[in-house]
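Heads up: the structure comes next, in structure tokens.
Throughout, read-outs are computed from the coordinates displayed, never taken from laboratory work. The model shown is predicted, which means the values in this text are computed figures rather than measured ones. Virtual Cβ from ideal backbone geometry, glycine too; neighbours counted across all protein chains shown.
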Amino acid sequence: MTTRTEGIDSAEPSGDGSARGIVITGGGTGIGRATARAFAERGDRVLVVGRTEATLAETAGGHPGITPLVADVTAPDAPDRIVGTALDVLGRLDVLVNNAAAMGYRPLAALDRAEAERQLHTNLLAPVLLTRAALEPLARRSGTVVNIGSSGAIGLRSWPDNGLYGAAKSALDFLTRTWAVELAPRGIRVVGLAPGVTDTAGHGGPGRSGAGPEYAAFLEEIAHRTPSGRVGRPEEMAWWIVQLTRPEAAYANGTVVPVDGGLSLT
């Protein structure tokens, strides 16, 4: 499903006097949803990509600048379809936010091929292929790629039972640095955000283990371990993503910003 939007003439001007075109994967819930709304509230036009029509519709509800696109980012035709739809609906592509992710807590001994492929395709291969497909339109706009990693995968930390997810996010951070150098001559910036634990329950997301007692206990445990004394909120992560794409941030390139209340420093 692709839904065109109307009523965007009042959009806040971008650097060239017109609303920017934004693509956000994993835009149906949590950080993706909050980010889509934050861009739309600035006057940008946003294509949110996800697998579930109902959650995408909730993201777009009340925000005429947001267009939903139901698509699986791991599908072979997804990169061309997403970029083509963005150019058709938005007319341009200024910002690509690689936010879609798949997590699965399993130790190595219990990891099967299907689960390994699911995580690697979603967390690593999909951003690689989508970014490649978006290079030409991004170059035309001196665009920005924002890769969403995880603060749990930075530095020398380990992540027992979630190693494959962490490894993919570490690889995405490495690609952020590498692409920043490769793509700078084309006018494309590449930056990353490494969110800490973020409470998505009640914010358009199911949370790590759903919104039940286990999830609440997990959030409480992390809050006690975090120097700031709490976990993050999707709107806070969205603020950072938007700021990293602003013209004033143009000198930031290859940077991965951890936003986790200081937890990764402990």
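List every residue whose amide H lies under 5 Å from the amide H of G254, counting only residues 5 or more places away in sequence or on a different chain, with H placed 1.01 Å from N in the peptide plane.
When sequence neighbours closer than 5 places are left aside, the close amide H contacts are V190, V191.
Nearest 10 degrees is fine. How inclined is helix 78-89 to the longest principal axis of the chain, computing both from alpha carbons?
Computed tilt is about 40 degrees.
Springs between alpha-carbon pairs under 10 angstrom, Gaussian network model over the chain: which of L156, L96, L244 fluctuates most?
In this elastic network of the chain, the residue with the biggest mean-square fluctuation among L156, L96, L244 is L156.
D for the chain, whole µm²/s, Stokes-Einstein with Kirkwood Rh over alpha-carbon pairs at 20 °C and 1.002 mPa s: what number?
Using the Kirkwood radius from Cα pairs, D works out to 116 µm²/s.
Kirkwood Rh over Cα pairs of the stretch 124-203 into Stokes-Einstein at 37 °C, 0.692 mPa s: D in µm²/s?
Details: Rh = 13.7 Å.
Rounded, D is 240 µm²/s.
GNM on the chain, C-alpha springs below 10 Å: top fluctuator among S151, S18, S142?
S18
With the chain treated as a Gaussian network of Cα nodes joined by springs under 10 Å, which of D112, D173, D72 yields the largest mean-square fluctuation?
D112
I want to check the label-to-label distance for A139 and Y251. Put each point 7 Å from Cα in the C-beta direction and report it in nm to one decimal.
2.7
Which of L87, L172, L193 comes first, and how do the rest follow, when ranked by fewest Cβ neighbours within 10 Å?
The fewest-first ordering by Cβ neighbours comes to L87, L172, L193.
Over the stretch 62-112, with a single point scatterer placed on each C-alpha, what log10 of the ratio I(q)/I(0) does the Debye formula yield at q = 0.13, 0.18, 0.27 1/Å?
Each listed q maps to, in turn, -0.48, -0.73, -1.21.
Would you grab the residues whose amide H sits under 5 Å from the one on I66? Only those 5+ places off in sequence or on another chain, please, with H modelled 1.01 Å from N.
V46
When a footprinting reagent is the concern and you count Cβ atoms within 10 Å, what order do F39, F218 take, fewest first?
F218, F39
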